[in-house]
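Colleague: Got a structure for you, questions after.
The values are calculated or read from the model by the stated rules, or taken from the named source; none is laboratory data. The structure presented is a predicted model; accordingly, all values stated were derived computationally and were not measured. We place every Cβ from the backbone using ideal geometry, glycine too, and count neighbours over all the protein chains shown. These area figures cover heavy atoms from the full protein model, side chains too; ligands, DNA and RNA do not enter into them. Shrake-Rupley method; radii C 1.70, N 1.55, O 1.52, S 1.80 Å.
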Amino acid sequence: MKKMLVYILGLIVLIVILMPFITGNLEKEVLNDQTRANIGGEFMELSDGVTHYELKGDEGRKTIVLVHGNAAPYFSWDNNFDYLVDAGFRVLRYDVFGHGFSDRPEMDKYNRDLYDRQLVELLDKLGIDEPIYIAGTSQGGSISIYFTATHPGKVEKVALLSPLFDSFEGKGMANLLRTKGVGEYFMGVVGDKTAVNPSNVLYSSEKNQELKEKLSRQIHYKGKKRAILANMRGDAVNDATDFYKQVKDQGIPMLLTWGKNDKSISGESMDRLRNIIPKIQYHELEEASHLAHYEFSEEINPILIKFFKE
């Protein structure tokens, strides 16, 4: 009986050790000038690495900056980008460090200042020095708020689409990922699968395969899973209440949208945000989930246009 127990325990340990190798690793390619030549879009060398971006619209128009979240890179704005351009704006979208086809800086932690520095430098190198409008979704909302709070006078309007505010669903798992060794093991076992599965951020399965194929393109480049851990281990996913309050005190017009089926950002969190900023313009989508702007763009686009034009 004792020998059998030792055998079973040994087998379990062996399986645990081998699991990352059994599940495989999709990160085979390296992001460099050669691989980026076949990706499309524009690239800008910044102090922390290369940033993938797209800027469209005539100079002289008001610039809207679109900041994506963790669920999907800048292509999550595919169904909004041209619509905003056609409405008369100059529009900039970019891949936040660690996402899409921007670099995955080799840092233990990705902090708010990293994401802020990326946007500051990108705007500077593109010669965009006039006050902007900004729209952020999920963690992109928190990045947008931090940028607005930290650089008074740089932003005239803020649109928040299911933004990270004070908490998010799955925060317990995120805290577990912060533990050295545990996070690396978890990402080695299920990181690839999790990074290309959009089912939790969509309301229906209609666009699931389409988004999954887009997500699969970015996971093949080395450093993606390491970047996910660095993001979880930094302060960028912490409670951002103080920065939201600072933006409120600036008197900047703000828009908030949220889908009732959002599994990432709770209605309670959005209620707390609305209590802090009573004058925020609020739109609730009955059937939408976390990526409402991607899945229900026909509802989100007119809301954005009206807000930015009024």
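Colleague: Given a 1.4 Å probe, how much area per residue of the chain is accessible, in Å²?
Modeller: On the way: 14610 Å² over 310 residues.
Per-residue accessible area for the chain comes out at 47 Å².
Colleague: Semi-axes of the equivalent ellipsoid for the stretch 70-121, please: Cα gyration tensor eigenvalues, times 5, square-rooted, ordered largest first, whole Å.
Modeller: Details: eigenvalues 128, 32, 11 Å².
Rounded to whole Å, the semi-axes are 25, 13, 8.
Colleague: Follow-up question, since we're still on this one. Restricting to bridges with both residues inside the stretch 45-123, how much of the DSSP beta-bridge set is antiparallel, in percent to the nearest 5? Let's see the in-between values first.
Modeller: Numbers: 6 of 11 bridges.
Antiparallel bridges make up about 55 percent of those DSSP assigns within the stretch 45-123.
Colleague: State whether the stretch 29-117 is rounded, prolate or oblate according to the following rule on the C-alpha gyration tensor (a ≥ b ≥ c being the square roots of its eigenvalues): a/c under 1.5 gives rounded; otherwise a/b larger than b/c gives prolate, and the remaining case gives oblate. Show your work: numbers first, answer last.
Modeller: Working: a/c = 1.94, a/b = 1.57, b/c = 1.24.
Here the stretch 29-117 falls in the prolate category.
Colleague: With +1 on each Lys and Arg Cβ and -1 on each Asp and Glu Cβ, how big is the dipole of the chain about its Cα centre, in debye rounded to the nearest 20?
Modeller: On the way: 38 positive and 44 negative charges, 231 e Å.
With Lys and Arg at +1 and Asp and Glu at -1, about 1100 debye.
Colleague: State the percent of C-alpha pairs, over all pairs in the stretch 266-310, separated by a distance greater than 13 angstrom. Write out the running numbers ahead of the final one.
Modeller: Values: 621 of 990 pairs.
Within the stretch 266-310, distances greater than 13 Å cover 63 percent of Cα pairs.
Colleague: Another one. Using only alpha carbon pairs under 8 Å that are at least six residues apart, calculate the relative contact order of the chain and give it in whole percent. Numbers along the way, then the final one.
Modeller: Numbers: 521 pairs, mean separation 66.7, N = 310.
Relative contact order for the chain comes out at 22 percent.
Colleague: Using a probe of 1.4 angstrom, how much of the accessible area of the stretch 166-237 is carbon and sulfur, in percent?
Modeller: Roughly 54 percent, rounded to a whole number.
Colleague: For Lys309, list the lysines whose Cα falls under 21 Å from its own Cα; do not include residues on the same chain fewer than 8 positions away.
Modeller: Answer for Lys309, where 21 Å is the Cα cut-off: Lys56, Lys62, Lys154, Lys157, Lys248, Lys279, listed by chain and number.
Colleague: Just the number, please: percent antiparallel of the DSSP beta bridges in the chain, rounded to the nearest 5. Can you show the working numbers first?
Modeller: Details: 9 of 35 bridges.
That works out to approximately 25 percent antiparallel.
Colleague: Assuming R0 = 45 Å, can you tell me the calculated FRET efficiency for the pair Thr35 and Lys279, based on Cβ-Cβ distance, to the nearest 0.05?
Modeller: 0.45
Colleague: Here is a follow-up. Using a Förster radius of 30 Å, what is the FRET efficiency between Val120 and Lys193 based on their Cβ-Cβ separation? Nearest 0.05, please. All intermediate terms of the calculation are to be shown ahead of the outcome.
Modeller: Values: r = 35 Å, r/R0 = 1.16.
About 0.30, to the nearest 0.05.
Colleague: Please identify the GluC sites (Glu not before Pro) of the stretch 225-306 that satisfy two criteria: DSSP loop assignment and at most 16 other Cβ atoms within 10 Å. Which are they? Please report the intermediate quantities before stating the final value.
Modeller: Details: sites: Glu268, Glu284, Glu286, Glu287, Glu295, Glu298, Glu299; in loops: Glu286, Glu287.
Within the stretch 225-306, the qualifying GluC sites (Glu not before Pro) (loop, at most 16 other Cβ atoms within 10 Å) are Glu286, Glu287.
Colleague: Can you tell me what the convex hull of the Cα atoms of the chain projects to on average, as an area in nm²?
Modeller: Details: hull surface 70.1 nm².
In nm², the orientation-averaged hull projection of the chain is 17.5.
Colleague: Now a separate question. How would you classify the stretch 88-203 from its alpha-carbon gyration tensor, with a ≥ b ≥ c the square roots of the eigenvalues: rounded for a/c under 1.5, else prolate if a/b is greater than b/c, otherwise oblate?
Modeller: Working: a/c = 2.01, a/b = 1.75, b/c = 1.14.
Prolate.
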